[in-house]
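Please treat every number below as a calculation from the coordinates, not as lab data. Bear in mind the structure is a predicted one, so any value in this text is a computation, not a measurement. When we count neighbours, we look across all protein chains shown, and the Cβ atoms used for this are built from the backbone with ideal geometry, even at glycine.
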Amino acid sequence: MNDKAEKPERSVATSLRKALAILEQVADADGPLTGQQIAVQVGLSRSTASRLALDLCELGYLAPLSNGHGFELGPAALRLGLRKFSSLDIRRAAAPFMRTISDDTGLMVDLALAHGDEMLYFEVSRKSGSVVLATELGSRMPIEKTAGGHAAISAFMPIEREQMFARLKAKYGSEWPQIEARIHRSLEEIAMQGFCTAIGTWRPDVSAVGIPFIDPRTSRVFSFSCSGIGYTIEEDRLRSEIGPRMVELVHSVAAAMGTSPRP
């Protein structure tokens, strides 16, 4: 293939990358983004950002605000996310077991998927009327800050873990040794007892248990976590009651999926 034939393909690929970057920014934002905000966050000229945003609107992946001063996710993007979540067998298998633990303990139980350097939460179970955290479906959390994130890291292949640590080291600089030490403590806990605890790693008043789960059929890395506000959960309870319950949950979910947990 000659250079003239390759250039249009490169142009299409570049435009696609820019469009996907715009979708990521709008999806991650707390509210709608203006064209100027998109341009700044994605690193594009305002005219290019606006053109791509309007193209995404035509396809239904973005939707313009009625006042014309911003964009939010459109129905096509939302449908993709819902279809993806509903297609995951683990979500259907885990939900009843998660509800049982949240009802019994009064704590929140989450199921999250490792995605890059974040955990993407797509199943949340909480007891009605209980004091819980603000984790919602589709929310993302830094993998290095949560019990579920530490649990997922424990399930990574060594080379994948090393690459992630290199990125996090560059991100945190002088703060990294302390964060790394916390992660390694969690990895040691998982090796010894099957779950890890995180007390104050995300917020000073939050305590949690995390446990990894690898889907044997797809090798996707998930984690389950059970968390609560400080005054609703004590460290001894985390280790003696909640952790073992979460280990049982993982075995129950694996059995419901017709498999067994991968070590």
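Taking amide H atoms as placed 1.01 Å from N in the peptide plane, the amide H of H115 lies under 5 Å from those of L120, each 5 or more residues away in sequence or on another chain.
When you count the other C-beta atoms within 10 angstrom of each residue and take the mean per peptide, 181-192, 107-118 line up highest first as 107-118, 181-192. The 3J(HN,Hα) values that the Karplus relation (6.51, -1.76, 1.60; θ = phi - 60°) gives for region 245-250 are, in residue order, 5, 6, 4, 4, 4, 4 Hz. Gly and Pro appear as x.
Amide H contacts of L62 (H built 1.01 Å from N, in plane; Pro and chain starts excluded): C57, G74 sit under 5 Å, all sequence-distant by 5 or more or on other chains. Rounded to the nearest whole Hz, the Karplus-based 3J(HN,Hα) values (6.51 cos²θ - 1.76 cosθ + 1.60, θ = phi - 60°) of region 46-62 follow the sequence 4, 5, 5, 4, 5, 5, 5, 4, 5, 4, 5, 5, 4, 7, x, 7, 10, with x at glycine and proline. Across region 148-161, computed HN-Hα scalar couplings (Karplus, 6.51 cos²θ - 1.76 cosθ + 1.60, θ = phi - 60°) run x, x, 4, 4, 5, 4, 5, 8, 6, 5, x, 5, 5, 5 Hz from first to last residue, x flagging Gly and Pro.
Taking a sphere under 11 Å around the Cβ of T201 and counting the other residues whose Cβ falls inside, with K and R at +1 and D and E at -1, yields a net charge of +3.
The aspartates and glutamates within cross-link reach of K171, meaning a Cα-to-Cα straight distance under 13 Å and a gap of 8 or more places when in the same chain, are D117, E144, E180.
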